[in-house]
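Take a look at the structure below.
The values are calculated or read from the model by the stated rules, or taken from the named source; none is laboratory data. Given the structure is predicted, the values throughout are model-derived calculations rather than measurements. Note that we place each Cβ from the backbone using ideal geometry, even for glycine, and neighbour counts take in every protein chain shown.
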Amino acid sequence: MRKTVQILFIFISLCFIVACSNEASKNEVKDLCEEDWTFIKGNKTYKAEVPGNIFSDLYLNEIIDNPFDQDNEKKLEWVNQSDWIYSTTFTCDDKFLAKDAIELCFYGLDTYSKVYLNDQYILTTDNMFRKYIIDVKKHITNNNTLKIVFSSAERITDSIAKTESIQLPDKRAYLRKAPFQFGWDWGPKFITCGIYRPVSLKAYNKVSLKDAIMIPDYDIEKNLAKLDGKIRVNIKNKTDLRLKVKSDSKTYYNRKIKADQLKDTINFQFVINEPKVWWPTGMGEPNLYNFRLELWDGNTKVEEKNIQTGIRKIELIQEADKKGKSFYFKINGRPFFAKGVNYIPQDIFLTDVSDKQYQELLNTVIESNINMLRVWGGGVYEKDIFYNLCDKHGIMIWQDFMFACNMYPGSERFLDSVEEEIQDNIYRIGSHPSIILWCGNNECREGWENWGWQKSLNYSYSDSTKVWKDYKELFINRIPSTLKKLDPSRPYWESSPSIGWGHPESLLSGDAHYWGVWWGAEPFEVYNNKVGRFMTEYGTQSYPSMKTIQTFTPDSMIYIDSPILAQHQKHPRGKELNELYMKRYFSVPKDIFNYIYSSQCTQAYGINTALSAHRRSAPYCMGSFYWQLNDCWPVISWSSIDYFGRWKPLQYVVKEIYKPLTIALEKGEDHIKFYGISDSLKEKEVQYSIELKKMDGTIIKEYRGDITLIPNSSTLLLNKKNANFLDGYSINDIYVVSRLYAHKEKIFEKIFILNKPNKLNIKNPNLSVNVIPSPEGAVIYLNTKTFTPFVWMENYNSIEGKFEENFFHLEAGKEKKIIWRSQDYPSDLKQTLKVFSLYDIVKN
Ligand code: BMA
């Protein structure tokens, strides 16, 4: 018995020793975001949020008013001009301090700062897109003070510009900071500073895991996945290490790395037979793999990291054809039409976006049948949650690097910093299957070639040569060669667009931005002819809803020429151009409610023209990305949802036209053509019907036919001479109802008008509106006795709700039932619901 007790005692002691030594060699992380942070204003200290930014901190401490309110932007210039000091105190226990190395890790400092630990200077930062890691072992004690002094980014860029012999188009180029925060044609100028991403400490004895990436490739023929992984480590003391790659149920990789072979990058590869493949939405399941990378030192798991990835093969196909060169993607060997939109940061104050907002934005994307987003290069590399959600929902991403509408310095210091930035971000986001392309920049080449910078900046021949050489070094050498090392799996595209919109070749190959409409004031019909291979930008503005305007404008200031509205319009000719287009297609009402509605109709009508031209040009055109999905503050802009996520009419149009099966109309000078568009990869046998109707709903005539829709393409359903089709009727007196049937069952219906909206001969609809409470919120019944185009419902109640359907044409005698989804039923909904229609703004 005594012997058993002795053995037990020895065993327990051994376990204890092993556990202690295990504990001792484990890396330890301390999250400094959990500490109390302060910032200084005058001679007072205030509570600060970390992650956070100065504007939000000033607002939370009631030092400034809401920056978005009225014209507060103008009054807050001083914040941009000031320097700001953030600090915290924290303790470290002896066990933590006993480790051989202690790293301070900043995942994002915005932007120009000097960092002091216990009053010792330790770091200068000038790139908000980089991760900064420094060994602070020699400075750290039990009680510590960390202080970060942020200098005004505006003053820093000014002072750098002064020392440069060649001026770049915009001085914001000198700092690696989100370009849009210096002001954009949809964004205010709030030049934030602060600790905008996490900050932590890590103590370790031997090796610290810095970051890791897993790049998947998929061999379609062999049905085999190859995973290419890299781990970056910081090494304090070399040791034998073991790397394991696991999922919950399986170990995929297990290898010992001898101390003498340990380098700061560990490469690993393994294969998966018959993997579950990642498909984008509409094409299959977005299957994901969740791997856990573990670093072991003997019996101790030193550190681990989770990586989410998906197995898929991505190809960008550019093949010469009769007109130029194709430009489309294949995923897992299958081509697809990219139903896209441009995405900008959801808030000028980056740290104010909640996880819920990311989720809600993605919900809008999914509901709208969008399958691809372009993360535009004037913003930021998004947070992990954004890419996680895109992976999960099968939303693909065109990822710009953060360079926009500018030329950039070519100094070694700058290039080295960018190289670090590119590496950090590829390591952070490169494992995500949703990202299918890296793009060098937004409109830098376009600007250089077409915007007259060389003349306006008075460049000499040698100046031009130098600036262009620097461009090439950055976008044709440094970035692609970094990518080659880390991620050769994805295509790299130097600049979006590849050729400027003033050049006819821009429509024959590469990606195109078409801004002849809006910037060039051309009519929307021009969209029908200006169709490129892959349309990555085009757009037109509209006002946000009245509810959104009310958040920043007092009632007495809500009128069309209000200076407050002018402050929330950032395009130099915004109001003038909006009104030009409103007048051309709808009208410019005097009443502000109708004015907003007319502007929103105009935007929806214009982008509908472009979207349907692009869709019906498949497979010549294989992608369409209107400018832009969202806003970063309440503003009059090109967005289809506003800052608060409220849908403008355009969002309903997008949802409709991006359906996997749709009909598009082409109305030419002498012909009228209807196309059936199918995203399906198989041929589809359908029947179509096209009815020509009078405004009272009487059918004039009907065309029917059977047709096989070509996969992933657009198929001509009906082609008629105008005179023949109209049968003596004026295009202003009729409308068309088109339908698709499969096995006699209706699978799609769409109503078309044939002329500009303000030309139609419509009558007063005297809409009857019935609102009934329901478990979902409310049900709305609409009835009319005459064709009522562009019905748009707005609820001005304080309770938020969403119309399941909105912005449609209503036929005479066809009751429409719409569900209004809301948490609550407001008893005054009947009074606060306003139903607009075309007749309200073009009474004839
Ligand atoms: C595009 C974008 C942005 C801009 C938009 C509207 O070119 O890249 O620069 O906001 O035009 O002008």
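Summary table below
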read-out: Search result, residues across region 64-114 that are assigned to a loop (DSSP other than H, G, I, E, B), in contact (Cβ under 8 Å) with a residue 60 or more places away in the chain, under 21 Å from Gly187 (Cα atoms) and in contact with a Leu (Cβ under 9 Å, 6 or more places away or on another chain); value: Pro67, Leu76, Thr111
read-out: Flag for Ser599 being within 28 Å of the chain's Cα centre (by Cα), of a type in the set (Gly, Ala, Ser) and not in a helix (DSSP H, G or I); value: no
read-out: Residue in region 549-562 that is within 16 Å of the ligand (Cβ to nearest atom) and not polar (S, T, N, Q) present; value: no
read-out: Qualifying position, being aliphatic (A, V, I, L, M) and in contact with an Asp or Glu (Cβ under 7 Å, 6 or more places away or on another chain), among Val302, Val375, Val365, Val380; value: Val375
read-out: Region 802-835: number of residues that are touching an Asp or Glu at 6+ places or on another chain (Cβ under 8 Å) and among the small types (Gly, Ala, Ser); value: 2
read-out: Residue pairs meeting the criteria (Cβ under 6 Å; at least 6 apart or on separate chains; first without any contact (Cβ under 8 Å) to a residue 40 or more places away in the chain, in region 226-246; second among the hydrophobic types (A, V, I, L, M, F, W, C)); value: Ile235/Val207; Lys238/Ala259; Lys238/Leu262
read-out: Single unsatisfied condition, Asn755 versus (1) touching a helix residue (DSSP H, G or I) at 6+ places or on another chain (Cβ under 9 Å); (2) part of a loop (DSSP other than H, G, I, E, B); value: (1)
read-out: Number of positions in region 563-596 that are of a type in the set (S, T, N, Q), away from the ligand (no atom under 16 Å from the Cβ) and under 26 Å from the mean Cα position of the chain (by Cα); value: 1
read-out: Every residue from region 471-494 that is touching a strand residue (DSSP E or B) at 6+ places or on another chain (Cβ under 7 Å) and either over 25 Å from Asp416 (Cβ atoms) or of a type in the set (Ser, Thr, Tyr) (or both); value: Ser489, Pro491, Tyr492
read-out: Checklist (1) within 18 Å of Ile395 (Cβ to Cβ); (2) surrounded by fewer than 17 Cβ atoms within 10 Å (Cβ to Cβ); (3) among the polar types (S, T, N, Q) applied to Gln308, failing item; value: (2)
read-out: Residues of region 254-275 satisfying the condition of being in contact (Cβ under 8 Å) with a residue 24 or more places away in the chain and surrounded by 14 or more Cβ atoms within 10 Å (Cβ to Cβ); value: Leu262, Ile266, Phe268, Phe270, Ile272, Pro275
read-out: Residue ID - farthest from the ligand (Cβ to nearest atom), chosen from residues in region 423-445 that are surrounded by 24 or more Cβ atoms within 10 Å (Cβ to Cβ) and assigned to a helix (DSSP H, G or I); value: Ile426
read-out: Selection status of Trp638, in contact (Cβ under 8 Å) with a residue 24 or more places away in the chain, within 16 Å of the ligand (Cβ to nearest atom), under 30 Å from Thr553 (Cα atoms) and of a type in the set (A, V, I, L, M, F, W, C); value: yes
read-out: Neighbours by Cβ (under 8 Å, 6+ apart or cross-chain): first from region 772-801, under 16 Å from Gly813 (Cα atoms); second of a type in the set (Phe, Trp, Tyr) and crowded, with 18+ Cβ neighbours inside 10 Å; value: Ile780/Phe803; Ile780/Trp820; Phe787/Tyr735; Thr788/Tyr839; Pro789/Tyr735; Val791/Phe807; Val791/Phe808; Val791/Phe836
read-out: Residue match in region 384-392 (condition: outside any helix (DSSP H, G or I) and either within 16 Å of the ligand (Cβ to nearest atom) or surrounded by 24 or more Cβ atoms within 10 Å (Cβ to Cβ) (or both)); value: no
read-out: Index of the failed condition, Ile366 passing every other in (1) more than 16 Å from the ligand (Cβ to nearest atom); (2) not in a helix (DSSP H, G or I); value: (2)
read-out: When residues of region 323-351 are limited to those that are more than 16 Å from the chain's Cα centre (by Cα) and under 24 Å from Trp638 (Cβ atoms), the one surrounded by the most Cβ atoms within 10 Å (Cβ to Cβ); value: Phe337
read-out: Test: residue in region 494-513 that is part of a helix (DSSP H, G or I), within 26 Å of the chain's Cα centre (by Cα), of a type in the set (A, V, I, L, M) and crowded, with 16+ Cβ neighbours inside 10 Å; value: yes
read-out: In region 231-249, the residues that are among the hydrophobic types (A, V, I, L, M, F, W, C) and either crowded, with 17+ Cβ neighbours inside 10 Å or within 14 Å of Lys301 (Cβ to Cβ) (or both); value: Ile231, Val233, Leu241, Leu243, Val245
read-out: Close pairs (9 angstrom Cβ cut-off, 6 or more residues apart or separate chains): within 12 Å of the ligand (Cβ to nearest atom) and assigned to a loop (DSSP other than H, G, I, E, B) in region 515-537, modelled with pLDDT of 95 or more and polar (S, T, N, Q) anywhere; value: Trp518/Thr540; Trp518/Gln541
read-out: Residue that is surrounded by the most Cβ atoms within 10 Å (Cβ to Cβ), among those in region 642-663 that are aliphatic (A, V, I, L, M) and more than 16 Å from the ligand (Cβ to nearest atom); value: Val654
read-out: Members of region 538-548 found to be more than 15 Å from the ligand (Cβ to nearest atom), among the hydroxyl-bearing types (Ser, Thr, Tyr) and either assigned to a loop (DSSP other than H, G, I, E, B) or free of Cβ contacts under 8 Å to residues at least 12 places away in the same chain (or both), listed by number; value: Tyr543, Ser545
read-out: Test: residue in region 255-264 that is under 29 Å from Asp470 (Cα atoms), assigned to a loop (DSSP other than H, G, I, E, B) and away from the ligand (no atom under 16 Å from the Cβ); value: no
read-out: Thr145 farther than 21 Å from Asp100 by Cβ, within 27 Å of the chain's Cα centre (by Cα) and polar (S, T, N, Q); value: no
read-out: Hits in region 25-39 - residues which are in contact with a strand residue (DSSP E or B) (Cβ under 8 Å, 6 or more places away or on another chain) and not in a strand (DSSP E or B); value: Ser25, Lys26, Asn27, Leu32, Cys33, Glu35, Asp36
read-out: Pair list, Cβ < 6 Å and 6+ apart or interchain, from region 320-343 residues that are within 19 Å of Ile710 (Cβ to Cβ) to residues that are of a type in the set (Phe, Trp, Tyr) and at pLDDT 95 or above; value: Pro335/Tyr328; Lys339/Tyr658
read-out: Criterion: within 16 Å of the ligand (Cβ to nearest atom), buried (at least 16 other Cβ atoms within 10 Å of the Cβ) and within 25 Å of Thr265 (Cβ to Cβ) - qualifying residue of Met407, Met402; value: Met402
